[in-house]
Amino acid sequence: MSTTIDHKGILSDSTATLARVIRAVDQAEAELDVTPNLSFGVSSNVSADLVSLFLRKHALLHGKRLNCEVGGHDDVLNDVSRFAEAGVKNMLYIPFFDNLVPNFETRIDSFFDQDIEAIHSDFIMRTKLMFEKAKTMSMVYVSTFHLYDFAVDAGANDRRKMVLNVFNAKLRDLASGFPNVRLLDVGTILQTISTEKAFDRRFYFLNTAPYRPVFLDELARCIALASRGFGTYFYKALVLDCDNTLWGGVIGEDLMDGIKLDPHSFPGRVFWQAQQAFLGLERSGTLLCLCSKNNPEDVDQVLTSYPNQVLKDEQFILKKVNWQPKVENLKAIAQELNIGLDSLVFVDDSSFECESVRAALPQVRVVQVPSSLQHYPKTIQEIRELFIAAGIMDESRSKTNQYTKILKASAGSADFDSHDDYLRTLDLQVTLDRNSPKDIPRISELSMKSNQFNLTTLRQDVGDITRRMASSDNRVYSLKVSDRFGEAGLTGVAIVSWEDEIATVEAFLMSCRVIGRGVEFSIWSQIAKDAAEKGCRFLQASYLPSAKNLQVADFYDRLGLSRIASTDAGTYYMKPIDRFTPPTVDYIKVICGI
């Protein structure tokens with residue numbers, strides 16, 4: 001990482017000249033002593049080759065080295081085949097609206113409806129074929145359509161915009177059927193940087209190259225955000241201070257009448273907007289917590305009684321409102337939620353508190369509220385971007401209720417003589433599905449982010465899971481857990497492969513939400529039965545240690561498998577299936593689904 005830091009200033013500078021960026025990227029890659037660990041293919045119906053430079057740039061900013069393959073001009077179907085042959089795992093497709101047919105935008109007004117429909121149908125057909133051919137890729141990023149030649153809107157109906165909207169609507173509908181396809185909203189980029197900075201009309205006419213570097217740089221940055229920094233971070237919880245972070249002023253001194261929070265006047269409207277943004281994050285799957293040095297009663301009064309308060313008590317999964325050091329409170333939050341410190345983003349207005357957390361807990365992402373409040377909205381946007389991919393599945397959204405039920409269940413266990421006695425009252429049920437295509441995005445998401453209960457830490461993207469489900473030698477199990485408190489959703493994954501007489505557990509992982517209930521033992525009789533039906537006589541598994549999965553180091557011992565080898569790299573197990581007897585979990589009902 002030290003080699004990339006030398007060039008980070010240039011790579012982070014959005015005003016750096018193209019020549020300086022090229023030199024910095026080349027030098028950083030030459031000094032970074034790793035082989036490329038990311039691969040991208042770029043396909044377009046215009047010349048957009050320069051985007052490969054900016055993909056490499058943003059990969060370097062996240063400590064990754066990226067190799068990029070550029071496809072042919074307007075040859076997306078052959079591009080996908082070539083990328084697959086070259087082992088390319090990710091793809092960017094840029095369909096340029098004006099070049100679907102030459103000068104399409106200008107000609108729209110002269111085309112008959114059936115002409116436009118023919119162009120539309122041809123594009124959708126080819127794009128669907130491309131999506132099908134790219135199903136086993138990790139991710140396919142597709143830019144939405146946009147207008148190139150913006151005319152003044154005089155209030156009349158603009159047929160170009162209406163056609164554009166139809167094309168984009170169909171593109172979104174088509175993409176929704178492919179779990180590894182993600183659309184990039186180019187309209188937002190154009191609003192951010194302006195069309196004059198985005199387009200180069202001279203080069204479009206000369207070389208069919210419409211985009212300026214600033215646009216391609218921002219497009220690559222959006223891909224970095226959508227991929228969570230090319231897989232380098234996965235934030236789950238946003239931990240917020242209260243005074244001068246959620247509202248203006250100090251509640252303990254200014255009291256209810258003195259704090260600033262309203263949608264109509266400055267500075268209250270800044271904090272009101274901030275709370276609206278945080279509410280949106282909560283609803284998309286981010287866990288909200290409070291970490292504030294305050295009297296709890298004062299904060300509770302604001303949450304429940306202040307007329308302009310947006311975030312209510314039910315939006316916060318945990319509240320650490322006390323006079324303890326914030327470092328200790330952040331540790332407690334991570335422990336109680338059973339997530340890593342590197343899953344936390346902490347927001348505070350105090351330089352002292354921010355520096356204290358940075359020094360003591362470098363794993364935590366710290367964001368300081370700017371002293372000039374007019375800059376706070378920009379900071380909020382940066383916070384939102386850290387969680388931009390939080391809710392890719394419906395069951396990933398609004399997790400607060402799920403975690404609240406877990407915390408309540410944990411608290412209730414104190415009333416019983418033993419943990420097992422308490423678990424018997426929960427009416428636990430596990431639905432075990434096999435090779436369920438609709439679960440592919442969630443299965444991949446779990447494999448990418450689960451660390452603590454993850455026996456091999458095998459990361460599987462959407463394409464990997466798709467390939468495994470299509471293979472007759474693999475089976476992907478997904479576990480859906482529920483109890484009397486409600487549904488926990490898809491919270492466990494097992495991947496098993498078969499070769500000759502051996503069934504190998506390639507991966508077994510579970511969400512921290514359901515650890516410790518016996519769910520982890522309940523499914524193995526069925527997995528062993530499935531393996532025997534495939535003609536396997538032995539069950540094989542391994543534990544590969546990581547910095548975060550030490551809690552499961554002896555899981556396969558407790559499951560009843562026999563150790564056959566143990567090295568620094570891992571512990572390896574095997575047992576005849578007819579002698580394999582996993583622990584009995586009689587308080588869990590296991591239902592075999594598809």
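Odds and ends about this structure:
- Residue within the range 75-93 that is out of contact with any strand residue (DSSP E or B) (no Cβ under 6 Å at 6 or more places or on another chain), in the same structural domain as Lys161 (by TED's automatic domain parsing), over 27 Å from Val462 (Cβ atoms) and not in a loop (DSSP other than H, G, I, E, B) present: no
- Test result for Phe167, aromatic (Phe, Trp, Tyr) and more than 22 Å from the chain's Cα centre (by Cα): yes
- Within the range 204-228, tally of residues that are part of a helix (DSSP H, G or I), over 32 Å from the mean Cα position of the chain (by Cα) and touching a residue at least 24 places away in the same chain (Cβ under 8 Å): 2
- The sole residue among Val270, Val345, Val366 that is modelled with pLDDT of 95 or more and more than 30 Å from Ala547 (Cα to Cα) is Val270.
- Pairs, first in contact (Cβ under 8 Å) with a residue 60 or more places away in the chain and basic (Lys, Arg) in the range 362-375, second surrounded by 12 or more Cβ atoms within 10 Å (Cβ to Cβ) and not in a loop (DSSP other than H, G, I, E, B), C-beta under 6 Å, six or more apart: Arg365/Val345
- Selection over the range 516-534 of residues that are within 14 Å of Thr504 (Cβ to Cβ) and surrounded by fewer than 20 Cβ atoms within 10 Å (Cβ to Cβ) gives a count of 2.
- Residues in the range 400-444 that are polar (S, T, N, Q), assigned to a helix (DSSP H, G or I) and modelled with pLDDT of 70 or more: Ser444 alone.
- Filtered residues of the range 517-553 (kept if more than 30 Å from Arg424 (Cβ to Cβ), in contact (Cβ under 8 Å) with a residue 24 or more places away in the chain and of a type outside the set (Gly, Ala, Ser)): Lys534, Cys536, Arg537, Phe538, Gln540, Leu544, Pro545, Lys548
- Condition check for Ala507 on (1) buried (at least 20 other Cβ atoms within 10 Å of the Cβ); (2) on the phi > 0 side of the Ramachandran plot: one failure, at (2).
- Take the conditions (1) buried (at least 18 other Cβ atoms within 10 Å of the Cβ); (2) at pLDDT 95 or above; Leu129 misses just one of them, which is (1).
- Residue check for Thr136: touching a residue at least 12 places away in the same chain (Cβ under 8 Å), in a helix (DSSP H, G or I), polar (S, T, N, Q) and at negative phi: no
- Screening Ser176 against (1) buried (at least 19 other Cβ atoms within 10 Å of the Cβ); (2) within 29 Å of the chain's Cα centre (by Cα); (3) at pLDDT below 95 leaves a single unmet condition, (1).
- Hits in the range 215-260 (condition: among the aliphatic types (A, V, I, L, M) and over 18 Å from Ser284 (Cβ atoms)): Leu216, Leu219, Ala220, Ile223, Ala224, Leu246, Val250, Ile251, Leu255, Met256, Ile259
- Condition check for Asn99: outside the structural domain of Ile465 (by TED's automatic domain parsing) and in contact (Cβ under 8 Å) with a residue 60 or more places away in the chain: yes
- The residue pairs whose first member lies in the range 254-279 and is without any contact (Cβ under 8 Å) to a residue 40 or more places away in the chain, whose second member is of a type in the set (S, T, N, Q) and part of a helix (DSSP H, G or I), and whose beta carbons are closer than 9 Å, counting only pairs six or more residues apart or on different chains, are Leu279/Gln315.
- Any hit, the range 482-497, residues being in a loop (DSSP other than H, G, I, E, B) and farther than 29 Å from Tyr141 by Cα: yes
- Filtered residues of the range 33-71 (kept if part of a strand (DSSP E or B) and either of a type in the set (A, V, I, L, M, F, W, C) or free of Cβ contacts under 8 Å to residues at least 12 places away in the same chain (or both)): Leu38, Phe40, Val42, Leu66, Cys68, Val70
- Leu279 under 20 Å from Thr379 (Cβ atoms) and either acidic (Asp, Glu) or in a strand (DSSP E or B) (or both): no
- Every test in (1) farther than 19 Å from Asn454 by Cα; (2) out of contact with any strand residue (DSSP E or B) (no Cβ under 7 Å at 6 or more places or on another chain) is passed by Ile577 save one, and that test is (2).
- Among the residues making up the range 321-352, a single one is assigned to a strand (DSSP E or B) and acidic (Asp, Glu): Asp348.
- The numbered conditions (1) in a helix (DSSP H, G or I); (2) under 26 Å from Lys133 (Cα atoms) are all true for Val476 except (1).
- Residues in the range 186-203 that are part of a loop (DSSP other than H, G, I, E, B) and either surrounded by 14 or more Cβ atoms within 10 Å (Cβ to Cβ) or in the same structural domain as Lys438 (by TED's automatic domain parsing) (or both): Asp200 alone.
- Looking across the range 334-372 at every residue that is more than 25 Å from Met448 (Cα to Cα) and in contact with an Asp or Glu (Cβ under 6 Å, 6 or more places away or on another chain), the one that is surrounded by the most Cβ atoms within 10 Å (Cβ to Cβ) is identified as Asp348.
- Against the test of being touching a helix residue (DSSP H, G or I) at 6+ places or on another chain (Cβ under 8 Å) and among the polar types (S, T, N, Q), the options Thr581, Thr571 yield a single qualifying residue, Thr571.
- Residue match in the range 576-583 (condition: in contact with a Lys or Arg (Cβ under 8 Å, 6 or more places away or on another chain), free of Cβ contacts under 8 Å to residues at least 40 places away in the same chain, closer than 27 Å to Leu337 by Cα and loosely packed, with under 15 Cβ neighbours inside 10 Å): no
- Any chance Ala334 is closer than 29 Å to Gly516 by Cβ, touching a helix residue (DSSP H, G or I) at 6+ places or on another chain (Cβ under 6 Å) and either at pLDDT below 95 or among the small types (Gly, Ala, Ser) (or both): yes
- Elements of type helices (runs of 4 or more DSSP H) in the range 508-594, at least 3 residues being at pLDDT 95 or above: 524-533, 555-559
The values are calculated or read from the model by the stated rules, or taken from the named source; none is laboratory data. Please read these numbers as outputs of a predicted model, since none were measured by experiment. Using ideal geometry, Cβ is built from the backbone for each residue, glycine included, and neighbour counts are taken over all protein chains shown.
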